[in-house]
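Asker: The structure's right below; bear with me while I get my questions together.
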Amino acid sequence: MKVSGDWATRKATQAVCEALTHAGHRALFVGGCVRNDLLGVAVADVDIATDARPKRVTELAQAAGLRVVPTGVEHGTVTVISAGVPHEVTTFRRDVETFGRRALVAFSDDLETDAARRDFTMNALYAEPGGAVIDPLGTGLTDLAARRLRFVGDPAARITEDYLRILRFFRFHAWYGAPEGGFDADGLAACAALHSGLETLSRERVGAEMRKLLAAPDPAPSVAAMAQTGVLAQVLLGADARALPILVHLEDGQPGPWLRRLATLGGQDVTHRLRLSNAEARDLTTLRAGIEGMEPAAVLGYRHRALAGNIVLARAALLESPPPDGWQAQVARGAAARFPIRAADLMPALSGPALGAHLRELEHRWIASDFTLDRSALLAE
């Protein structure tokens with residue numbers, strides 16, 4: 001079996017590999033780039049594993065005219081930039097001691113040892129510069145072919161090394177697991193037993209994982225499993241996953257914005273728990289308010305423009321009913337509508353609070369007329 005994508009054969013990437021292999025070192029593609037290539041999924045980042053130590057990698061890369069950024073030398077990683085393309089090059093490692101997100105590592109010359117410290121079997125696959133795939137653990141290829149997500153070795157041990165792996169377990173299942181397949185029982189049990197460890201993680205890390213999970217084509221089975229194991233409540237207190245599969249069905253194969261999906265989950269103190277940006281927090285507040293209100297689609301289009309369609313679908317999912325017929329056209333009509341009265345039209349007869357109150361009253365009448373009253377009719381009133 002071989003990887004065959006353009007990412008692996010491009011000159012920039014092969015130049016990084018050649019800088020190492022010409023000096024007698026190994027250069028192996030590893031992790032997500034190998035996994036995605038074999039699944040026919042686009043490859044975004046290229047990681048390379050090697051037996052060369054970081055200092056040696058730096059020397060060889062610079063001698064080949066490549067730029068090196070010491071992004072994580074203490075953990076064995078440098079970023080080699082070739083023709084503008086970044087490549088994370090990491091020395092084979094073994095864990096000496098782990099501290100949650102951090103670990104004390106020792107460099108290794110052994111590929112199997114490096115593979116044994118990775119999170120999931122489908123991520124413990126390597127490929128030579130020529131494309132030949134290496135499966136050091138002997139289980140990665142079969143698990144990948146079955147789209148079966150399994151921890152490497154003992155799930156509890158992998159999780160206690162880094163509690164973020166609980167969320168990664170559900171996120172990777174949403175993106176790469178078999179749609180009709182269930183979860184690995186041992187992995188699920190370990191997540192249920194150890195979910196309290198998520199409290200040790202930064203909110204930024206948790207928020208980043210939830211964004212990626214909810215952006216998957218169908219995150220509903222993973223989120224349902226999170227709810228069953230207590231993980232969802234640990235991350236989002238008070239969240240309810242029941243409306244999410246309905247929303248995914250209403251999206252009709254077109255994955256929607258992760259924030260719309262988050263809005264259907266509910267939960268308390270979401271902005272803090274997931275470290276939402278100010279813009280994300282504002283949009284979430286708008287979505288929730290629109291969902292709870294009963295304004296028709298055209299009015300939502302007028303008041304909320306880009307978020308109106310999200311409100312319509314999320315509300316339908318939570319009400320467990322289809323959205324109204326022709327809602328897209330109604331949203332578009334409302335979004336195109338423009339209130340024809342300006343403050344200057346009522347001045348100087350009105351000013352201050354009275355002016356604002358009368359503008360709001362006229363706008364209310366205009367909306368109630370289904371946007372049909374024109375400027376003259378409104379001013380006549």
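Asker: List, in order, the whole-Hz ³J(HN,Hα) value for each residue of segment 244-254 obtained from phi through the Karplus relation with A = 6.51, B = -1.76, C = 1.60 and θ = phi - 60°; use x for Gly and Pro.
Answerer: Running phi through 6.51 cos²θ - 1.76 cosθ + 1.60 with θ = phi - 60° gives 4, x, 5, 4, 4, 4, 5, 6, 6, x, 10 Hz.
Asker: Along its principal axes, what span do the Cα atoms of segment 104-219 show, with the longest given first and each in whole Å?
Answerer: Principal extents (largest minus smallest coordinate, Cα): 39, 37, 25 Å.
Asker: When the dipole is taken about the Cα centre of segment 1-146, and only Lys, Arg (+1) and Asp, Glu (-1) are charged at their Cβ, what size is it in debye, to the nearest 20?
Answerer: Dipole about the Cα centre, nearest 20: 340 debye.
Asker: Kindly state, to the nearest 0.05, the FRET efficiency for GLU199 paired with ARG242, given R0 = 30 Å and r defined as their beta-carbon distance. Walk me through the intermediate numbers first.
Answerer: Values: r = 25 Å, r/R0 = 0.83.
E(calc), rounded to 0.05, equals 0.75.
Asker: Could you size up the charge dipole of segment 149-207 around its Cα centre, putting +1 on the beta carbon of Lys and Arg and -1 on that of Asp and Glu, and report it in debye to the nearest 20? Don't skip to the end; give the middle numbers.
Answerer: Details: 7 positive and 8 negative charges, 38 e Å.
Here the size comes out at about 180 debye.
Asker: Just grab the label-to-label distance for ARG282 and ARG94, each label 7 Å out from Cα along the Cβ direction, in nm (one decimal).
Answerer: Each label point is offset 7 Å from its Cα along the Cβ direction, giving 5.4 nm.
Asker: For LYS2, list the lysines whose Cα falls under 23 Å from its own Cα; do not include residues on the same chain fewer than 8 positions away.
Answerer: Cross-link targets: LYS11.
Asker: Report ³J(HN,Hα) in whole Hz for each residue of segment 3-8, in order, from the Karplus equation J = 6.51 cos²θ - 1.76 cosθ + 1.60 where θ = phi - 60°; Gly and Pro get x.
Answerer: Per residue, the Karplus-derived 3J(HN,Hα) values read 8, 9, x, 4, 4, 7 Hz.
Asker: Something else: Using 0.36 nm per residue, how much length does the chain from GLU18 to VAL41 gain when fully extended, once their Cα-Cα distance is taken away?
Answerer: On the way: separation 23, 0.36 × 23 = 8.28 nm, distance 2.56 nm.
Value of the extension gain: 5.7 nm.
Asker: Toward the positive end of the charge dipole of the chain, about the Cα centre and with charges on Cβ (Lys, Arg +1; Asp, Glu -1), which of SER321, GLY334, VAL78 goes farthest?
Answerer: Projecting each Cα onto the dipole axis, the largest value belongs to GLY334.
Asker: Further, regarding this structure: Using a 7 Å offset from the Cα along the Cα-to-Cβ direction at both ALA233 and ALA343, what is the distance between the two label points in nm, to one decimal?
Answerer: A separation of 5.0 nm, rounded to one decimal place.
Asker: What's the magnitude of the charge dipole for segment 340-380 around its Cα centre, counting Lys and Arg as +1 and Asp and Glu as -1 at the beta-carbon? Answer in Debye, nearest 20.
Answerer: That gives a dipole near 100 debye.
Asker: Test of the criteria: in segment 145-228, which GluC sites (Glu not before Pro) are in a DSSP loop and have at most 12 other Cβ atoms within 10 angstrom of their Cβ?
Answerer: Here the sparse-neighbourhood loop sites are GLU180.
Asker: Using a Förster radius of 22 Å, what is the FRET efficiency between ARG53 and ARG147 based on their Cβ-Cβ separation? Nearest 0.05, please.
Answerer: For R0 = 22 Å, the calculated efficiency reads 0.05.
Every number in this text was worked out from the coordinates using simple rules, so none of it is lab data. This is a predicted model, so every value here is computed, not measured. All Cβ positions, glycine included, derive from the backbone under ideal geometry; neighbour counts span all protein chains shown.
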